[in-house]
Amino acid sequence: GIYPVVSMTYATAELTPNTYYKWGEIAALSITLAEPADVTITNEYCFEFTSGETATELTVPGDIKWAQEPSIEAGKTYQVSILHGIGVICGA
C-alpha cells in the first residue's frame, strides 16, 4: 500500500496504522500502538529510526512477537513493521 510519511522528533509516540513514521538519529524511542479505526482492513504499523554512536534503546508493547528478537546496534538505520502482533525489524 501507499502510506503517508510522517517525520518525527519526539522520543515517545503512539503510532496509528498504515502510516510510515520516520525518525532521524535518536538515543531512545518508546512506541505504543493506537487502536485501528477500521478493523475490517489490514492494519500495519511501520517506522524507521537511526541508531547513533550509542545503540538506540527501543521500547515497544510487550505483547509484540518478533520474527527474530531485535538487537539494536550503533550506527545503523532500522525499519520496523508490525502486523497482527508480529514484528519484523531490519537494520543496515
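For segment 1-47, max minus min Cα coordinate along each principal axis, in Å, sorted largest first?
Result, largest extent first: 36, 20, 10 Å.
Which whole-angstrom value gives the distance between the alpha carbon centres of segment 8-32 and segment 47-64?
About 9 Å separates the Cα centre of segment 8-32 from the one of segment 47-64.
With viscosity set to 1.002 mPa s at 20 °C, what whole-number translational diffusion coefficient in µm²/s follows for the chain from Stokes-Einstein and a Kirkwood radius over Cα pairs? Mind dumping the intermediate values first?
Values: Rh = 13.4 Å.
Here the translational diffusion coefficient equals 160 µm²/s.
Only bridges whose two residues both fall in the chain count here: according to DSSP, what percent of them are antiparallel, nearest 5?
On the way: 13 of 30 bridges.
Of those bridges, close to 45 percent are antiparallel.
Given a 1.4 angstrom probe, what's the average accessible area per residue across the chain, in square angstrom?
Details: 5690 Å² over 92 residues.
Accessible area per residue: 62 Å².
Could you check the spin-label model distance between T59 and E25? Points 7 Å from the Cα along Cα→Cβ, value in nm.
According to this spin-label approximation, the distance is 2.3 nm.
The values are calculated or read from the model by the stated rules, or taken from the named source; none is laboratory data. Note that this is a predicted model, so its numbers are computed, not measured. All Cβ positions, even for glycine, are placed from backbone atoms using ideal geometry, and neighbour counts span all protein chains on display. Side chains included, ligands, DNA and RNA excluded: accessible areas come from the protein's heavy atoms. Shrake-Rupley method; radii C 1.70, N 1.55, O 1.52, S 1.80 Å.
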